[in-house]
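Beneath this line is the structure, given in structure tokens, with notes to follow.
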Amino acid sequence: MKITVCNGKGGAGKTTLSVLLASAFRQAGHRVALLDRDPQGTATRWIGETHDVELAVAGGDHRILIIDTPPQLDSPLLHQSLAESDCALLVSSPSPADLWTSQDSVAVIRRHLPAGRPARILFNQVQPRTVLGKDLATLAQRIGLPALSAHIGRRQAFQHAALLGWSALDAASREELLQAALELSALQP
Ligand SMILES: Nc1ncnc2c1ncn2[C@@H]1O[C@H](COP(=O)(O)OP(=O)(O)O)[C@@H](O)[C@H]1O
Ligand SMILES: [Mg+2]
């Protein structure tokens, strides 16, 4: 199962969630690899620090491939990734300022992900007790894709995890990631 993680905006959390979802799949016993298609190479460097997950190599023996993509909707690397994926995962914050980019990202997903393949939103940086955190279903409707019922809170632990890996995450963060991974694996063709 190939999953393209995308959003036209930098800072949405694509790289953070690509690496940590790959870790979550691994924790759940899946053979997973990560393909870093962002020329900035953040995911590659991150994995070089933590060794939590494998980077994809040609002919590698994995069942799940997570593809991190650049924050440009006109990137051929993004289009190619979507075209060869079984599923697209749009990482989006619930901030209204990010709504428009997320809607534009949906248009690109629809154009390049082969027909009939599932696409989902994963809300990131959610603050549960705020108005925005409470109405994720309405927001998903406006963006134009169904959302996973799992969402990812805004916590410093996610920043520490860039250096220290899965072991830096608290139980709540792990639980959110494992639930998202479980929902994604249920979409498997
Ligand atoms: N859930 C979160 N809670 C707190 N900080 C986060 C969260 N997700 C991402 N970040 C931080 O936001 C910044 C941008 O994340 P990143 O994954 O690099 O975004 P992108 O790959 O979409 O550009 C990073 O500093 C990262 O640590
Ligand atoms: Mg990135």
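The values are calculated or read from the model by the stated rules, or taken from the named source; none is laboratory data. Model, not experiment: these values are computed from the prediction. All Cβ positions, glycine included, derive from the backbone under ideal geometry; neighbour counts span all protein chains shown. Only protein heavy atoms, including side chains, enter the accessible area calculation; ligands, DNA and RNA are left aside. Shrake-Rupley method; radii C 1.70, N 1.55, O 1.52, S 1.80 Å.
For the reader, a short list of remarks on this structure follows.
- Taking all protein chains into account, the per residue accessible area for the chain stands at 47 Å² (1.4 Å probe).
- Accessible carbon and sulfur surface of the range 8-145 relative to its total accessible area, %, 1.4 Å: 49
- When the chain is treated as a Gaussian network with alpha carbon springs shorter than 10 Å, the biggest mean-square fluctuation among 105, 149, 18 belongs to 149.
- With contacts taken as Cα pairs under 8 Å and at least 6 residues apart, the chain reaches a relative contact order of 25 percent.
- Here r is the Cβ-Cβ distance between residue 58 and residue 187 and R0 is 25 Å; the resulting FRET efficiency, rounded to 0.05, is 0.50.
- Viscosity 0.692 mPa s, 37 °C: Kirkwood-radius Stokes-Einstein D of the chain over Cα pairs, µm²/s: 203
- The chain: calculated mean residue ellipticity at 222 nm from DSSP helix runs of at least 4, using -39500 (n - 2.57): -12500 deg cm²/dmol
- The accessible area of residue 46, taken with all protein chains in place and a 1.4 Å probe, comes to roughly 20 Å².
- Highest mean packing comes first when the peptides 183-189, 22-28, 64-70 are listed by Cβ atoms within 10 Å, giving 64-70, 22-28, 183-189.
- Net charge of neighbours whose Cβ lies under 14 Å from the Cβ of residue 148, counting Lys and Arg as +1 and Asp and Glu as -1: -2
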